[in-house]
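J.: Below you'll find the structure I mean.
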Amino acid sequence: MATPSPKSPAAIPPASADTQRETAASAGSVQAFSNKQQWQLGLLWGLLSPIFLGTVPILAKVAYAAGVNVLTVVAFRTIIAALVLWGGMLIFKRELIRSSTPAVIGSMIAGAINGLGSIFFYASLTRIDASLGQLVNISYLVFVTVFLRLAGQTISLLTIGRTALTIGAIYLLTRGGAGPADWLGVGMMTVAAITYAIQLVLSQRIMLDIPAPTMALYAISAMAIVVTVAWFFAPTDLSLVSVAGWRAISLMALVTALSRLTLFLGVKAMGSIQTALLGVFEVVVTIAIAAVFLGERLTFLQWLGAAVLMVSIFLVRFERGVPRFVDWWQFLWRRFLPKQ
């Protein structure tokens, strides 16, 4: 009878139980390391997004001071940002442009909602300070939890309490100003916060089917379409826009493109709630820059309102049963689409 050669499979002894356990442990360690790297990278993106977004209200104020009207600022800031993303994708990541039709449509729906919100956001900044506007806008962090709970059909007492605290904080921020309260400006900023929260929650489901850069591309394209249509209802002579105005708009476009890209990268890695929590840094960035360059100051009552708002935001750590992810397509299918 022939003796198996050393290279023959018959000569390889079966792996022992200890070897199998070591192999499984090694694979688990690699997976844990990969997850940790993904989380750390998501944390980086999640921190960069609010830094970029925090500069936007300041640049908008600069553009208004240069005589540029609201719709021109909103429209051309978004159009230029979309062109920047399209140019970058065509040059560096052309393969990410192609995607499934449902994913593209979903991204554009989320972007269109945010585009409508951006009109309210920039219109409100013509009436209220950048610091106050950003504090009101940060309430989207609470609305994210509310929308996730609505989809999960469970509204806790803590969520109701946090919402009440947010309303009280907005009241203090509005009434506590040095001048007369501008409820219209604050109301428009609240609408902007709600639409931003909707986009944030929707994006997590959409990015199961589409890479973050691809969603950013189509979302900001839809935003550009919405705000351009709005601009055509009241167009202005672009030759009258000053160099300072175009400079502010161009800088806004750059930080808008970067903020949207880093936002969706953060949501994909960490989820909507965790990414939204990092948005608190938007307020820090805006208040600091507004104090230095615009001379804005918060009154005692407004600082009290800001403190109440932060308590409401950070109470999210005690929320239980909030779904980290909601399959919105299934939710809408069960609730609204006809059954066969």
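The values are calculated or read from the model by the stated rules, or taken from the named source; none is laboratory data. Bear in mind the structure is a predicted one, so any value in this text is a computation, not a measurement. Here Cβ is always computed from backbone atoms with ideal geometry, including for glycine, and neighbour counts include all displayed protein chains. Accessible surface is based on the protein model in full, side chains and every heavy atom, while ligands, DNA and RNA are left aside. Shrake-Rupley method; radii C 1.70, N 1.55, O 1.52, S 1.80 Å.
J.: Suppose R0 equals 30 Å; then what is the FRET efficiency for Leu301 and Ala65 from their Cβ-Cβ distance, rounded to the nearest 0.05?
T.: 0.65
J.: A further question on this structure: Quick check on packing: order 179-189, 287-297 by the mean number of other C-beta atoms within 10 Å, highest mean leading.
T.: For the peptides 179-189, 287-297, the packing ranking is 179-189, 287-297.
J.: Take the alpha carbon gyration tensor of region 45-88, find the square roots of its eigenvalues, order them as a ≥ b ≥ c, and report rounded if a/c is under 1.5; if not, report prolate when a/b exceeds b/c, else oblate.
T.: Here region 45-88 falls in the oblate category.
J.: May I pose another question? Taking only protein heavy atoms into account and a 1.4 Å probe, give the accessible area per residue of region 194-261 in Å².
T.: 38 Å²
J.: Give the whole-number value, in cubic angstrom per residue, of the convex hull volume spanned by the C-alpha atoms of region 164-271.
T.: Once divided by residue count, the hull of region 164-271 is 162 Å³.
J.: When a/c is below 1.5 the answer is rounded, else prolate if a/b is larger than b/c, else oblate, so apply that to region 139-186 with a ≥ b ≥ c taken from the square roots of the Cα gyration tensor eigenvalues.
T.: Prolate, because a/c is 1.5 or more and a/b exceeds b/c.
J.: Okay, next question. Please work out the FRET efficiency for the pair Asp237 and Val191, using the Cβ-Cβ distance as r and a Förster radius of 35 Å; give the result to the nearest 0.05.
T.: Efficiency, from the Cβ-Cβ distance: 0.75.
J.: Let me ask you something else. Rounded, prolate or oblate: which fits region 55-128 when a ≥ b ≥ c are the square roots of the eigenvalues of the alpha-carbon gyration tensor, with rounded for a/c under 1.5 and prolate only if a/b beats b/c?
T.: Because a/c hits 1.5 or more and a/b fails to exceed b/c, region 55-128 counts as oblate.
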